[in-house]
Amino acid sequence: MADETFDGIANRPAPFANPADEARARAALALLDRRALSSNRARMDEIEAVLRDAVAGVYVGVDRVRSAASAAHKVAGSAGSFGMHEVSELARDLEVFLTRGSLTDVAGLRSAVGALEEIQRQLRERRERDAAAEEATPEAGVMLIAHPDRRLAARIAAAAAGRGWAARWAADATAAREALLRETPDAVVLSLDIPPDGGVSVLDADPGERPYCVTLVMGAGERFGDRIAAARAGADGFLPADLPPEQVVDIVIDTAEQDHTGPDRVIALTEQAAVAKALREALDDTSTELTTVTDVDAFWDALGSTRPDLVIVDADLDGTSGTAICRQVRTDLRWATLPVLVLLPPDGATSDAVRDVFAAGADDYAVSPVVNAELQTRIANRLGRLRWQRRSARIDPLTGLLSRTAFGAAVARLAARSQREGMALCLAILDLDGFRNLNETHDHGLGDVILRRLSVLLQGVFRDSAVVARWGGQEIAVAMPSTRRAEGVAQLGAALDAFHRESFDAGSGQSLQATFTAAVGEYGVDAPTVRSLVRTLSTAISAAKVAGGNRVVPVGWSPDAGPSSPDVLVVEDDETIASLLQHAIETRRLRIEHIADGQVALDRLVGPNRITPRVILLDVELPGLNGIEVLRRIEAEGVLSRSRVIMLTIHAEAEEVATAMRYGAFDHVAKPFSLPALMQRLRRALDAPR
């Protein structure tokens, strides 16, 4: 979506060091923007029905008028917050007219209908402008979905579109092979069950003819022979058949982006000027860095200085051979896994010569002089396989998270930076509750589904510089740079709340919820070394498990510490506004809880299992109990000695503001509000002394 769509609050996102993070934030705001337009459109339909009946002389009941006034109230608030200020003012006029209940006032009714038509026109133009802007957005990549299940393919395509990728669908192997050549996709999701002859047939083509692209295979995980055949045919990895489409897309895109990061380095050892020229021409249009050497001594020096990703060696060399060089490379532990491609002369590509090439440890061969297109494809294939192998050693195949080994290396770098720069660093370990009983009662497949879903959720929560990894079994580790212990607890607390809302199919028509227990500690504060901090975290998790689990605790926690509370409680019945606030607050690494009903909020604040939020954002117009009454009652119960209240109101009238302040409100903000201004007031309330 183009930037001009993000006027008002959405044009001023919090600064991000990583452009990818900014893109994700803008995408999230774009989604909220679209939801706001959809919600407002439905509200305007309700108002239109009331005004249409009034114009026709049909009796309109008090409840319908009151509901329409409430709809206008919500349109005024959400439209203004998303930069549609004229729509907000017109909706406010409609609210005033409907609140008076004077539907027989001909002049007032005519003016209300005019306001309604103008709002509908502006909403329609906004939708059309947004749609045009989305069509003009360049595609980040092309994904080929070769799968017989049309509905699943459509869900994967929708998830890919959410990441800015275009998707192409092939329902059978023939269409998939044609699409590979016609579309030249950046990544392929391939079903092993694709008709008529299976996914292996799509891969089982001459690598000199099929261009390399990241190919991940789905399904038929129980047929081990098919997996072996797919791997031999060139599959880069495997995805479980039951993986959610969003996670399929995340893994595929992350793999493809990893696969294309940074220039590749190639060394070519050849004494033939024509071969060296052909190689330069073949790689001229790529990002590959080519180093050409003409003698063996220079070759070994170049290996050490450039540390290449691929070696190309001529079969015929003065005093030696390409196969001999390949054997020497393989016996050196530094280069034992380095891909080697041998160039054979046209009259020397016999079956015996090819067998000798592979016996020497080479990965591939080509005929010299070479055809550029074929050589480019073979080089791309070898480099692509190498990148996938390197990535596979870093990625846990079940969850798509970093492996424990890769996590250790990342944390070591962060710890060194923490010591060098004084940067805060939090570590956390999460343990799924009741995992062993879950697998015994149901089966290991359900446990894997839950663990993968938790992994996806955590990757969504920690989208900045945090590192998320599979620690082992049902445990996940998170490293959070530039984060204090309290902030880490708040972030994981929000993740636990979201995870608890997930529902999993337990079979036989039953569903279940899952929880986890986590401990959070700060490096250099709670323990002097990473290893000692990990031991401390394990001790804290054990104590929390004994107390019942299903909680996030800081190092040093005890069962007497009481339940944790959110940083911010949002009491707002407009789901669009609540979603906007949740996005903004969670971006600032604060824990948030949302309640849409005034009576429910009062019960949470003064009931037996009360919470103590640092700040309460309290809307005035609420179902159950209005905000002023909630404020009055929590003030009487002493809640305001622990929490600060910021009132959210559609009006900025002196009487309403004075009433809120008289009952102890810390501040007030009138809708439609500027999100940056509200966040400044929220920060001031958070920092205010108790």
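The values are calculated or read from the model by the stated rules, or taken from the named source; none is laboratory data. As the structure is a computational prediction, the values presented were derived from the model and not from experiment. All Cβ positions, even for glycine, are placed from backbone atoms using ideal geometry, and neighbour counts span all protein chains on display. Heads up: the accessible areas ignore ligands, DNA and RNA and are worked out on the full protein's heavy atoms, side chains in. Shrake-Rupley method; radii C 1.70, N 1.55, O 1.52, S 1.80 Å.
Any idea which of Leu618, Leu602, Leu622 is at pLDDT 85 or above, farther than 21 Å from Val489 by Cα and part of a strand (DSSP E or B)?
It is Leu618.
So which strands (runs of 3 or more DSSP E) stay within the range 207-285 end to end and still have 3 or more residues that are modelled with pLDDT of 80 or more?
Of the strands (runs of 3 or more DSSP E) lying wholly inside the range 207-285, those with at least 3 residues that are modelled with pLDDT of 80 or more span 214-218, 265-269.
Within the range 294-313, the set of residues being closer than 29 Å to Asp352 by Cβ and either within 45 Å of the chain's Cα centre (by Cα) or at pLDDT 90 or above (or both) comprises Phe299, Trp300, Leu303, Pro308, Leu310, Val311, Ile312, Val313.
For the subset of the range 336-380 comprising residues that are loosely packed, with under 15 Cβ neighbours inside 10 Å and of a type in the set (Val, Ile, Thr), which member is modelled with the highest pLDDT? Here the answer is Thr350. Exactly one residue out of Ala14, Ala30, Ala69, Ala2 is open to solvent by less than 40 Å² (accessible area, probe 1.4 Å), modelled with pLDDT of 55 or more and either in contact with a strand residue (DSSP E or B) (Cβ under 6 Å, 6 or more places away or on another chain) or small (Gly, Ala, Ser) (or both), and it is Ala69. Look at (1) touching a strand residue (DSSP E or B) at 6+ places or on another chain (Cβ under 7 Å); (2) at pLDDT 85 or above and you find that Glu629 fails only one, number (1). Kindly indicate whether Ser511 is closer than 27 Å to Thr399 by Cα, within 28 Å of the chain's Cα centre (by Cα) and polar (S, T, N, Q). The answer is yes for Ser511. Of all the residues in the range 158-178, those that are among the aliphatic types (A, V, I, L, M), part of a helix (DSSP H, G or I) and in contact with a Lys or Arg (Cβ under 9 Å, 6 or more places away or on another chain) number 0.
If only one of Arg124, Arg64, Arg110 is in a helix (DSSP H, G or I), out of contact with any Pro (no Cβ under 9 Å at 6 or more places or on another chain), open to solvent by 20 Å² or more (accessible area, probe 1.4 Å) and within 27 Å of Pro623 (Cα to Cα), which one is it? After applying the criteria, what remains is Arg64. If the condition is being modelled with pLDDT of 85 or more, open to solvent by 30 Å² or more (accessible area, probe 1.4 Å) and not in a helix (DSSP H, G or I), then the range 523-548 contributes Gly524, Val525, Asp526, Pro528, Thr529. Look at the range 526-546: where a residue is closer than 18 Å to Leu432 by Cβ and a partner is open to solvent by less than 40 Å² (accessible area, probe 1.4 Å) and polar (S, T, N, Q), sitting 6+ places away or on another chain with Cβ atoms under 8 Å, you get Ile541/Thr517; Ala544/Thr517; Lys545/Thr517. Being farther than 25 Å from Ser579 by Cα and among the acidic types (Asp, Glu) is the filter; apply it to the range 617-660 and report the residue that is least open to solvent (accessible area, probe 1.4 Å). Filtering the range 617-660 for residues that are farther than 25 Å from Ser579 by Cα and among the acidic types (Asp, Glu), the one least open to solvent (accessible area, probe 1.4 Å) comes out as Glu656. Of all residues in the range 172-205, those being hydroxyl-bearing (Ser, Thr, Tyr), within 30 Å of the chain's Cα centre (by Cα) and farther than 19 Å from Leu239 by Cβ number 1. Consider Phe516 carefully, then state whether it is touching a strand residue (DSSP E or B) at 6+ places or on another chain (Cβ under 6 Å), surrounded by fewer than 22 Cβ atoms within 10 Å (Cβ to Cβ), modelled with pLDDT of 85 or more and not basic (Lys, Arg). It is false that Phe516 is touching a strand residue (DSSP E or B) at 6+ places or on another chain (Cβ under 6 Å), surrounded by fewer than 22 Cβ atoms within 10 Å (Cβ to Cβ), modelled with pLDDT of 85 or more and not basic (Lys, Arg). Taken over the range 320-358, the residue count meeting the criterion of being over 20 Å from Val296 (Cβ atoms) and aromatic (Phe, Trp, Tyr) is 1. Residues in the range 667-690 that are open to solvent by less than 70 Å² (accessible area, probe 1.4 Å) and assigned to a loop (DSSP other than H, G, I, E, B): Lys671, Pro672, Phe673, Ser674, Ala688. For Glu135, the conditions (1) open to solvent by less than 70 Å² (accessible area, probe 1.4 Å); (2) modelled with pLDDT under 80; (3) within 26 Å of the chain's Cα centre (by Cα) all hold with the exception of (1). Apart from one condition, His147 fits all of (1) closer than 14 Å to Leu216 by Cβ; (2) of a type outside the set (Phe, Trp, Tyr); (3) in contact with a Pro (Cβ under 7 Å, 6 or more places away or on another chain); the exception is (3). Within the range 467-489, not a single residue is touching a helix residue (DSSP H, G or I) at 6+ places or on another chain (Cβ under 8 Å), assigned to a helix (DSSP H, G or I), under 23 Å from Leu438 (Cα atoms) and not aromatic (Phe, Trp, Tyr). Screening Gln510, Gln491, Gln474 for residues that are of a type outside the set (A, V, I, L, M, F, W, C), touching a residue at least 40 places away in the same chain (Cβ under 8 Å) and under 20 Å from Asp242 (Cβ atoms) leaves exactly one candidate, Gln474.
Across the range 273-293, the qualifying residues are those that are of a type in the set (Ser, Thr, Tyr) and in contact with a strand residue (DSSP E or B) (Cβ under 8 Å, 6 or more places away or on another chain), and the one among them that is least open to solvent (accessible area, probe 1.4 Å) is Thr288. A single member of Ala486, Ala490, Ala498, Ala494 is hydrophobic (A, V, I, L, M, F, W, C) and more than 25 Å from Asp687 (Cβ to Cβ), and it is Ala498.
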